[in-house]
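Student: Before we start, here is the structure in question, set down as structure tokens.
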Amino acid sequence: MSHPVIREETRLQGIGVSPGISCGQAALLGKALLEPEERKITVQEIEPEKERLKNALAVTRVQISELQQRIMETAGADHASIFDAHLLLLEDSTVLGEVVRRMEMDLCSIDWAYFKIISQYADSLRKISDPYLRERAIDIEDVAQRVLKNLRWPDGNWLAPKMNENASIVLARDLTPSDTIGFDRDKVKGFATEAGSATSHTAIMAHSLNIPAVVALHDFKNTCLPGDHVLVDGYKGLVIINPSPDTLNKYGPLIERENQLVDNLSSLKDADTATADGKRIILSANIEFVDELNVVAAQGAEGVGLYRTEFFYLTDKTLQSEDNQTENYKRVAEACDPHGVIIRTLDLGGDKLLPELFEEPQPNPFLGWRGVRVSLDRPEEFKVQLRAILRASAFGKTRVMYPFISNLGEVQDANSLLEEAKNELRDRGVPFDEHIERGAMIEIPSAVMVADHIAREIDFFSIGTNDLVQYTTAVDRVNDRVANLYRPAHPAVIEMIHLTAEAAHRNGIWVGICGEAASDLRLTPIWIGLGIDELSVGPAQVLRLRKAISCLSTQECIDLAKEARTKGRAREVMEISNKLAGNSYPELLESPS
Ligand code: PEP
Ligand code: MG
């Protein structure tokens, strides 16, 4: 069978979400079904085609079992159990019967018949309102993708780049938490996705892998084949498939310089984070999973400034018990001592939906039942999490933080439940930090406007710019149709951050930023100038940001922030900030071309 292998260089433009340049072989991780060619067959080919399907199913079964075994060893039986459902899908005789009938009726290749039938199943599941059943569409496509690849490359060669090569670039439609669990992280050197935006949670996860990553590439499934040579330029948001010798010649020295930069930055691992004139900034890291703690330490972050607990909650239900949560948080607390960890209570809702809780789709999930609203409506479950966080605080500096705060009452109610949780532990004689610090995420404009009131109830603010930009400017953070309007430098956002910082300091508490804008090095001078005390970023960004901060003078930043607050357009704010950044640390800012 001939395939439309495109060998000439193809450039795809997306959004760079993790800087750096790397090259490797394409490993396609597919949710997007690989569309086979529509090929007609003769009646004599029917039996051999059935045989091909039988073989492909058998190979797929072995591959899934091997993957399951690997995940069992690295992540435990619960993570591995999702593959039981995948194995069952391979045996589904109704579906397989339909595939064969379709081939016989249409006299088309088994690949085409399989693709058509599976696509129909997945599409009809996607239309069902039950989110659990809708999710099954992803499982079906996941399995079907493997079968289609095994039909196309019967020797299993499509797996080779992922398993055998030193450098693989993972290309996927999107990235789910369970995808990242399956990665062999040492071998993955770059990451590119069709979907996603700079602040989607999938992008955030890619960021934390400490490799260049580009999202929002829209469509590459027919452009790139497994094993193709791929270059990812995370600075420019560029993915080059089968780069020409000319491109490789141009990029060769850049990759060399990039490696040099990474080497130089590593000397800052144990350094303090301070401006050139000595103003200390706390520089911590954001994590979604405990296994990222290695990167946090390797990058010299001052603890964890945001632990998004909902991710393990979504992927591993067993962690919902108090003991299991405690065990998980304790690991983080111990690893982050003495700097500490900020454990954010569940921020479910928005694009992070737990099927059991979100049975009915919400018309506007980002404006709906999300974050602390969900927790306050389920006080017993909320207290389970609060007790677990408190228990972890006995093992290392731990702070607790409430997400999605939109009014003072929510902070007070959350604090009351925290006090109840403390009393319950006292009654049980379980130790915890009596003075555990409490923080509120400031990510909704109404919280900014009552920040003085909120500040009196808690010990710190952490500004969630991912949401603050979305809610201040009415731009959906995950909708790439409006990605061009998503601007952290919007004067309204700058003013919100200014007001928050003022309110924090007026009330004697500290203020950090933990949204993705904290790692945008073009804006670092503004954050320093606005008086931000802490920046929490993806682990991959820590050393670059430490270097950038060390090149800035506080007074210059204060003057810049003042000037920025006189501007009316995001572009103008970005221009003046980028200019100061560009003069101060040009080598960190862009692909050095
Ligand atoms: C934010 O909104 O900036 C934030 C850090 O929280 P999340 O991205 O998890 O919503
Ligand atoms: Mg948020």
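The values are calculated or read from the model by the stated rules, or taken from the named source; none is laboratory data. Small disclaimer: the values here were computed from a predicted structure and weren't measured. Note that each Cβ is placed from the backbone with ideal geometry, even for glycine, and that neighbours are counted across all protein chains shown.
Student: Sort through 278, 350, 300, 340 and tell me the only one that's away from ligand 1 (no atom under 16 Å from the Cβ), in contact with a helix residue (DSSP H, G or I) (Cβ under 7 Å, 6 or more places away or on another chain), assigned by TED's automatic domain parsing to the domain that holds residue 383 and on the phi > 0 side of the Ramachandran plot.
Tutor: Working: 278 fails: in contact with a helix residue (DSSP H, G or I) (Cβ under 7 Å, 6 or more places away or on another chain); 350 fails: away from ligand 1 (no atom under 16 Å from the Cβ); 340 fails: in contact with a helix residue (DSSP H, G or I) (Cβ under 7 Å, 6 or more places away or on another chain).
One residue alone meets the criteria, 300.
Student: Could I ask something else about it? So which helices (runs of 4 or more DSSP H) stay within region 520-568 end to end and still have 1 or more residues that are over 30 Å from the mean Cα position of the chain (by Cα) and within 19 Å of residue 582 (Cβ to Cβ)? Outline the logic, then answer.
Tutor: Numbers: elements: 524-529, 542-550, 554-564.
Here the list reads 554-564.
Student: Right, here's the next one. Given the structure, is residue 498 under 15 Å from residue 462 (Cβ atoms), more than 16 Å from ligand 2 (Cβ to nearest atom) and in the same structural domain as residue 401 (by TED's automatic domain parsing)?
Tutor: For residue 498, the condition - under 15 Å from residue 462 (Cβ atoms), more than 16 Å from ligand 2 (Cβ to nearest atom) and in the same structural domain as residue 401 (by TED's automatic domain parsing) - is not met.
Student: Ok, one more. Can you find even one residue in region 323-332 that is surrounded by fewer than 21 Cβ atoms within 10 Å (Cβ to Cβ), in contact with an Asp or Glu (Cβ under 7 Å, 6 or more places away or on another chain) and more than 28 Å from residue 546 (Cα to Cα)?
Tutor: No: region 323-332 contains no residue that is surrounded by fewer than 21 Cβ atoms within 10 Å (Cβ to Cβ), in contact with an Asp or Glu (Cβ under 7 Å, 6 or more places away or on another chain) and more than 28 Å from residue 546 (Cα to Cα).
Student: If you take the residues of region 348-406 that are among the polar types (S, T, N, Q) and away from ligand 2 (no atom under 16 Å from the Cβ), which of them is surrounded by the fewest Cβ atoms within 10 Å (Cβ to Cβ)? Spell out the reasoning first.
Tutor: Our first condition is that a residue be among the polar types (S, T, N, Q); within region 348-406, this holds for 362, 364, 375, 385, 393, 398, 406.
When the remaining residues are screened for being away from ligand 2 (no atom under 16 Å from the Cβ), the result is 362, 385, 393, 398.
Numbers: 362: 14, 385: 24, 393: 25, 398: 29.
Taking the candidates together, the pick is 362.
Student: Here's a follow-up. Would you check if residue 114 is of a type in the set (Phe, Trp, Tyr), modelled with pLDDT under 80 and over 24 Å from residue 187 (Cα atoms)?
Tutor: Values: of a type in the set (Phe, Trp, Tyr): yes; modelled with pLDDT under 80: no; over 24 Å from residue 187 (Cα atoms): yes.
The answer is no for residue 114.
Residue-wise test of (1) within 17 Å of residue 513 (Cα to Cα); (2) at pLDDT below 95; (3) hydrophobic (A, V, I, L, M, F, W, C).
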| site | (1), (2), (3) |
| --- | --- |
| 433 | no, no, no |
| 440 | yes, no, yes |
| 447 | yes, no, yes |
| 450 | no, no, yes |
| 462 | yes, no, no |
| 467 | yes, no, no |
| 473 | no, no, no |
| 481 | no, yes, no |
| 494 | yes, no, yes |
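Student: Let me ask something additional. Which of the residues belonging to region 472-486 are within 14 Å of ligand 1 (Cβ to nearest atom) and under 20 Å from the mean Cα position of the chain (by Cα)? Walk me through how you get there before you give the answer.
Tutor: Here is the first cut: in region 472-486, the residues within 14 Å of ligand 1 (Cβ to nearest atom) are 472-473, 475-478, 486.
Result: 475, 476, 477, 478, 486.
Student: Now, a different point. Being within 16 Å of ligand 2 (Cβ to nearest atom) and either over 30 Å from residue 378 (Cα atoms) or at pLDDT 85 or above (or both) is true for just one of 334, 310. Which residue is that? So that I can check it myself, show each step before the final result.
Tutor: Details: 334 fails: within 16 Å of ligand 2 (Cβ to nearest atom).
Of the residues listed, the single one that is within 16 Å of ligand 2 (Cβ to nearest atom) and either over 30 Å from residue 378 (Cα atoms) or at pLDDT 85 or above (or both) is 310.
Student: Can you spot a residue in region 499-511 that is closer than 20 Å to residue 578 by Cβ and at pLDDT 95 or above? Reasoning before the result, please.
Tutor: We begin by selecting, within region 499-511, every residue closer than 20 Å to residue 578 by Cβ; these are none.
Scanning region 499-511, I find no residue that is closer than 20 Å to residue 578 by Cβ and at pLDDT 95 or above, so the answer is no.
Student: I'd like to check which strands (runs of 3 or more DSSP E) are fully inside region 209-288 and have at least 3 residues that are over 30 Å from residue 528 (Cα atoms). Steps first, answer last, please.
Tutor: Details: elements: 213-215, 229-233, 238-241, 282-287.
Those strands (runs of 3 or more DSSP E) span 229-233, 238-241.
Student: Kindly indicate the residue of region 19-55 that is at pLDDT 85 or above and assigned to a loop (DSSP other than H, G, I, E, B) and also nearest to residue 140 (Cα to Cα) among those meeting that condition.
Tutor: Filtering region 19-55 down to residues at pLDDT 85 or above leaves 21-26, 39-55.
Those left that are additionally assigned to a loop (DSSP other than H, G, I, E, B): 39, 41-42.
Values: 39: 23, 41: 26, 42: 29 Å.
Result: 39.
Student: Let me ask you something else. May I ask you to verify whether residue 219 is of a type outside the set (Phe, Trp, Tyr), out of contact with any His (no Cβ under 7 Å at 6 or more places or on another chain) and outside the structural domain of residue 464 (by TED's automatic domain parsing)? Can you show your working first?
Tutor: Working: of a type outside the set (Phe, Trp, Tyr): yes; out of contact with any His (no Cβ under 7 Å at 6 or more places or on another chain): yes; outside the structural domain of residue 464 (by TED's automatic domain parsing): yes.
The answer is yes for residue 219.
Student: Exactly one of these conditions fails for residue 470: (1) in a helix (DSSP H, G or I); (2) farther than 24 Å from residue 304 by Cβ; (3) within 16 Å of ligand 2 (Cβ to nearest atom). Give me its number.
Tutor: (2)
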